[in-house]
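> Once you've had a glance at the structure underneath, I'll fire off some questions.
The values are calculated or read from the model by the stated rules, or taken from the named source; none is laboratory data. Keep in mind it's a predicted model, so treat the numbers as computed, not measured. Positions of Cβ are generated from backbone atoms using ideal geometry, with glycine treated the same way; all protein chains shown enter the neighbour counts. Note: accessible area is taken over every heavy atom of the protein model, side chains too, but ligands, DNA and RNA are not part of it. Shrake-Rupley method; radii C 1.70, N 1.55, O 1.52, S 1.80 Å.
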Amino acid sequence: MPRIATLLGATAIALAACAGAVDPAASQVNASQALGAHRLATDAPAQSYGSYARGCADGLQPLPESGPTWQAMRLSRNRNWGHPEMLDYLQDLSREAARIGWAGLYIGDISQPRGGPTSSGHRSHQIGLDADIWMLPPGRLDLSRAERESLSSVSVRSADQRGLTSHWTPSHAQVLRAAASDPRVDRIFVAAAVKIEMCRTATPADTSWLQRIRPIQGHNYHFHVRLRCPAGSRDCETQTPTVAELSNGGNGCDDTLRWWVTDYLNPPPPSTRPPSTSPPEEPAPRRRHPREYTLADLPRQCSQVAQ
Ligand SMILES: [Zn+2]
């Protein structure tokens, strides 16, 4: 049986390569439409192809809509599909949240059944290894489908982006610490004010997990967990630079973090910037949003996944 599986796998790869080579139509097909049209995953073994912001996946599985310590939200989007490692991680973290004192977790978007770019929202979430977790501690875990559409999360960050709101609690820090301490995690994105707060009490012992918590725009209503490429996902691209590189081996509680509440919010006037020695450049080409990608922009396996 393993031999047959290997042969089948090799055939599938050959077919996929073939499809990429002989099918110029792939460059005409919008990837978010082709992948997003599927309501179910492929039944191939779980594999993440490409990068978090340019890829797709085989064999994703749906996070059960409700469990003892979690509920999946916004079910109408059908984005509660993840790599099995992500589903295990989320269920483990929800139990950890329950130990910390929350009822569990409200879990937002993971991926579409076959991954790929989504028609709205996210640039990433394309390979079943990204998940959004609401900052709102669950009040109940028996929300109806309709309630999961209408209920909103809460912002833990103030409107001026410099501080936190009364929705932030010490237990949020505990949940984030638990989330980032798991070795399956590559990084977690939060609003800068959240990380600044967590840095306030950090000790050297906190370096390894705190390093994984990264400031970014938004992410005040939810935090975003990104897992490492799982073992055996040979075609999954590890993100670079690593969090260790980004923080020079430290915890990231440095000037690059404070930038988010200084220059990012109040850019220095042009006169204080160092004079430019080179002539003005041509405007940079517009960066395409992943929803504009064609199948030819994605790893070759994605043409097969979209079939
Ligand atoms: Zn996200």
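> Do the conditions hold for Gly108, that is, is it at pLDDT 95 or above, more than 17 Å from the chain's Cα centre (by Cα) and under 25 Å from His167 (Cβ atoms)?
When the stated conditions are applied, Gly108 does not pass them.
> Something else: Can you find a residue in segment 94-108 that is part of a loop (DSSP other than H, G, I, E, B), within 29 Å of Arg300 (Cα to Cα) and either open to solvent by 50 Å² or more (accessible area, probe 1.4 Å) or within 16 Å of the ligand (Cβ to nearest atom) (or both)?
yes
> Then there's this: Can you tell me which condition Val156 does not meet? The list is (1) surrounded by 21 or more Cβ atoms within 10 Å (Cβ to Cβ); (2) under 30 Å from Ala57 (Cβ atoms), and all the others hold.
Val156 satisfies every listed condition except (2).
Conditions (1) more than 21 Å from Ser166 (Cα to Cα); (2) touching a Pro at 6+ places or on another chain (Cβ under 9 Å); (3) within 14 Å of the ligand (Cβ to nearest atom); (4) open to solvent by 10 Å² or more (accessible area, probe 1.4 Å), marked per residue:
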position: Arg114; (1), (2), (3), (4): yes, no, no, yes
position: Asp130; (1), (2), (3), (4): yes, no, yes, no
position: Trp134; (1), (2), (3), (4): no, no, yes, yes
position: Asp142; (1), (2), (3), (4): yes, no, no, yes
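> Look through segment 184-231, keep the residues that are among the hydroxyl-bearing types (Ser, Thr, Tyr) and open to solvent by 40 Å² or more (accessible area, probe 1.4 Å), and return whichever of them is nearest to the ligand (Cβ to nearest atom).
Filtering first and then ranking leaves Tyr221.
> Restricting attention to segment 21-48, which residues are closer than 19 Å to Cys236 by Cα and either modelled with pLDDT under 95 or open to solvent by 60 Å² or more (accessible area, probe 1.4 Å) (or both)?
The answer is Asp43, Pro45.
> Does segment 84-106 contain any residue that is over 20 Å from Val194 (Cβ atoms) and β-branched (Val, Ile, Thr)?
Within segment 84-106, not a single residue is over 20 Å from Val194 (Cβ atoms) and β-branched (Val, Ile, Thr).
> Between residues in segment 123-139 that are of a type in the set (Ser, Thr, Tyr) and residues that are more than 7 Å from the ligand (Cβ to nearest atom), which pairs lie under 8 Å by C-beta distance while being six or more apart or on different chains?
Ser124/Tyr52; Ser124/Ala53; Ser124/Arg226
> Follow-up question, since we're still on this one. Only one of (1) out of contact with any strand residue (DSSP E or B) (no Cβ under 7 Å at 6 or more places or on another chain); (2) hydroxyl-bearing (Ser, Thr, Tyr); (3) in a loop (DSSP other than H, G, I, E, B) fails for Thr207. Which number is that?
(3)
> Turning to a different aspect of this structure: List the number of the failed condition for Thr118; all other conditions in (1) open to solvent by 30 Å² or more (accessible area, probe 1.4 Å); (2) at pLDDT below 95 hold.
(1)
> While we're looking at this one, here's another question. What tally of residues in segment 198-237 results from selecting those that are among the acidic types (Asp, Glu) and farther than 14 Å from Ala173 by Cα?
2
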